[in-house]
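Inspection log for the structure reproduced underneath, given as structure tokens.
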Amino acid sequence: MSLDTRGGQDIGSGGGLGETFYPLYQWLFEDDSDFVANVEKKLGQARMANNVEMFISQALAVGVISGGALWLIGTVVGFLIVQLFVDTSTALIGIPLPENVAPIIRQLKLPFIIFVSGMFFGSVGFGIGFGSLISMPYFRANSREREINVLLSDSISFMYALSVGGLNQLEILQAMAKADDTYGEVAQEFQSIVLATEYFDTDYRTALRDQALETPSDELSQFLTDMLSIINSGGDMTSFLEDQKEKHMRTAQREQKKLLDTLELFGEMYMTLSLFPLLLIIILVIMGMMGNSKTMLLYGTVYGLIPLTGGGFLVLVSTVTQDSIGDGYLRADSAKDVSIQDGQGILNLGLVKYYTGEYGVFDRIKNREGSYRVMQILAKPHVFFRDNPLLVLVLTVPATILVLLFAIVFDMVPLSFEAMKARPVLGTFWWVYVPIYINFLPLAIFHEWNSRMRHSVIGQLSDDLRKLASANDTGMTLLESIRVVADTSSGRLAEEFEMMHAKVNYGTGLKSALLEFNNKYHLPRLARTVKLISEAQEASSQIQPVLSTAAQASENQDEIHSERKARTRMQIVIIIMTYLTLLGVMALLKVQFLDVMAGLAQQASSASAGSAGGMPGGGFGDAIDPQQLSMLFFHAVTIQAIISSFIAGYIRDVSMMAGVKFAVILPTTALVVWIAVA
């Protein structure tokens, strides 16, 4: 059996710096200390192949080096502060001192400040260097725990299907260990169990117990402990796995509800946070009217605070949302099917790419195959870009550059700050909106087409799996059941079943046909279902319980997806309405405030010029520059539109690509409104 042991990651060999600072480790830490034990445990949970002593020694080395560098910088900074801002002839921080002590304190003030500054910066540097390396196993262990918890429900369903198919306990463990293309980190936990039994002469009961203690997931630890109890007591493994399957499906639904509640809270937070820059802009404008102009703060708010607020919120959301684990591709077991796992797209050259370089004939075949693929792309470019949406940027980015160069050559684009301030709408249109339309519009179209095409296959998945189970329960083979479902159903999945049946009739193995079907759409949810069926059908053609389990798991995913879609729709509405509110307020400020102030300033300047001996300037609002503020307001709503778009898309589908369509619509709304008010 060949197992993939990826995941054992090593941060350096521990030699060099680690060995040099090992005496410092021995001086600071004891081998049986809680800190060393915790780091060693997290290294194991993160599957990092590091010796704990060398790892901590290396972290100490990084901390000392970074601390020394920042200590030197802090010392220089402290010296400059003393030379520029500190009066060494005065008492320390204003405290009255006795005459006999004051001269000594004044002499020590300068070296004391320099010393404190250096120590502060050095401590910060050591903390950053040491802490960043030590925290790596903690972050990786948490990431693995998150993935394990997401996949555990489907993994138990897979093991239940194998148990129903007649596999014994050890065979279930081995099959689970080989399923890392679908079950990721869960499969890697079982790989550790199987490797311990095969290469370290450990019985699988002991291996199960050890892995239950080492795994980062408490849920998987409890499952392995319960499984060990069933094995030791001689209980029915199939009934146990069925009960655990039901339990973890309910747990997945509860976790989804908690996540959606958290997202609702974040939606309310975003409504408040996104309005903060608007309030700050209004305050700064009012201060400018009073003669206390804060131009740099205005620029910092528009071009710094708004992007930072949106980016920080996006990072915050990403810490709680659960995306789809895996890429959705299934790995082929045999060499003749190896090209299937690469997908069936136009870019796939097939088996020939694995034989080039041995004989000239294969090189010629590869060239001919490449030419054939190129002709396919040229014949149907829309299909190619549908299957590979990001590749459309290969055409649109150069097109954007050419359009901008053309506009620059014919003097259609403002090239200076003053020109941008004089024509903010035109300048922003060329520098921001033209790239958005040329790049994001086709990208959004092809991405949505690709997403709808791929997800259309799972629209009837639960119902068709139920039909497969019913047909299989009547005594039909799985292939016959597939033909019956294809004849009695409609939609893309029925078409794929019909194609699958035809392939098998023409000599393709059923498992290969299932693999090819899955990799065509490469959806993680579909991959887990196909993996379940393809493994079970190898043992028997009568797999009604397995098909019922797959249908139940699919229905559970349908419920989770439906609830998520309904709840996140409200969050998207909140984000969009918040942005439209901000846009409306900015437009009103432009019309009712900036334009009025510009008219008053013009009247005041005319009156001042026409009066004999009039006093120039100094009037209320003279510091206001309407053109500058109009540009800043427009840029603020444009930046906010782009940020809100990607936040809405990420909340909806846990994908930045899902926000591209919003990044076309919302900025366009801002452009139309500003053209109307400008």
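The values are calculated or read from the model by the stated rules, or taken from the named source; none is laboratory data. Since we're looking at a predicted model, the values are computed, not measured. Counting neighbours? That spans all protein chains shown, and the Cβs are built from the backbone with ideal geometry, glycine included.
Thr182 meets each of the listed conditions (1) crowded, with 21+ Cβ neighbours inside 10 Å; (2) at pLDDT 85 or above apart from (2). Among the residues of region 490-540, those that are closer than 23 Å to Phe384 by Cα and surrounded by fewer than 16 Cβ atoms within 10 Å (Cβ to Cβ) comprise Gly491, Glu495, Met499.
Scanning region 156-171 for residues that are buried (at least 22 other Cβ atoms within 10 Å of the Cβ) and either aliphatic (A, V, I, L, M) or within 14 Å of Ser221 (Cα to Cα) (or both) turns up Ile156, Met159, Ala161, Leu162.
Cβ separations smaller than 8 Å between residues 6+ apart or across chains give the following pairs from region 178-192 residues that are farther than 15 Å from Leu523 by Cα and in contact (Cβ under 8 Å) with a residue 40 or more places away in the chain to residues that are charged (D, E, K, R) and in a helix (DSSP H, G or I): Ala179/Lys531; Ala179/Glu535; Glu185/Arg144; Glu185/Glu147; Gln188/Asp180; Gln191/Asp180. Residues of region 23-53 that are part of a helix (DSSP H, G or I), of a type in the set (A, V, I, L, M, F, W, C) and more than 12 Å from Pro137 (Cβ to Cβ): Leu24, Trp27, Leu28, Phe35, Val36, Ala37. For region 65-94, a residue qualifies if it is of a type in the set (S, T, N, Q), modelled with pLDDT of 75 or more and either part of a loop (DSSP other than H, G, I, E, B) or under 13 Å from Phe112 (Cα atoms) (or both), and exactly one does: Thr75.
Just to be sure before I move on: is Ser217 surrounded by fewer than 18 Cβ atoms within 10 Å (Cβ to Cβ), at pLDDT 85 or above and in the same structural domain as Leu167 (by TED's automatic domain parsing) in the structure I sent? Spelling it out, it is not the case that Ser217 is surrounded by fewer than 18 Cβ atoms within 10 Å (Cβ to Cβ), at pLDDT 85 or above and in the same structural domain as Leu167 (by TED's automatic domain parsing). Here Val352, Val302, Val317, Val285 are screened, and the one residue that is touching a helix residue (DSSP H, G or I) at 6+ places or on another chain (Cβ under 9 Å), at pLDDT 70 or above, over 30 Å from Ser655 (Cβ atoms) and β-branched (Val, Ile, Thr) is Val285. Candidates Phe276, Phe313: the one that is touching a residue at least 12 places away in the same chain (Cβ under 8 Å), surrounded by fewer than 14 Cβ atoms within 10 Å (Cβ to Cβ) and outside the structural domain of Ser157 (by TED's automatic domain parsing) is Phe276.
Sort out which residues of region 538-563 are in contact with a helix residue (DSSP H, G or I) (Cβ under 6 Å, 6 or more places away or on another chain) and either among the basic types (Lys, Arg) or under 14 Å from Tyr160 (Cα atoms) (or both), and write them in order of number. Hits for region 538-563 are Ile543, Gln544, Pro545, Val546, Leu547, Ser548, Thr549, Ala550, Ala551, Ala553.
The residue of region 220-256 that is surrounded by the most Cβ atoms within 10 Å (Cβ to Cβ), among those that are part of a helix (DSSP H, G or I) and among the small types (Gly, Ala, Ser), is Ala252.
Every condition in (1) in a helix (DSSP H, G or I); (2) on the phi < 0 side of the Ramachandran plot is met by Gly184 except one, and the failing one is (2).
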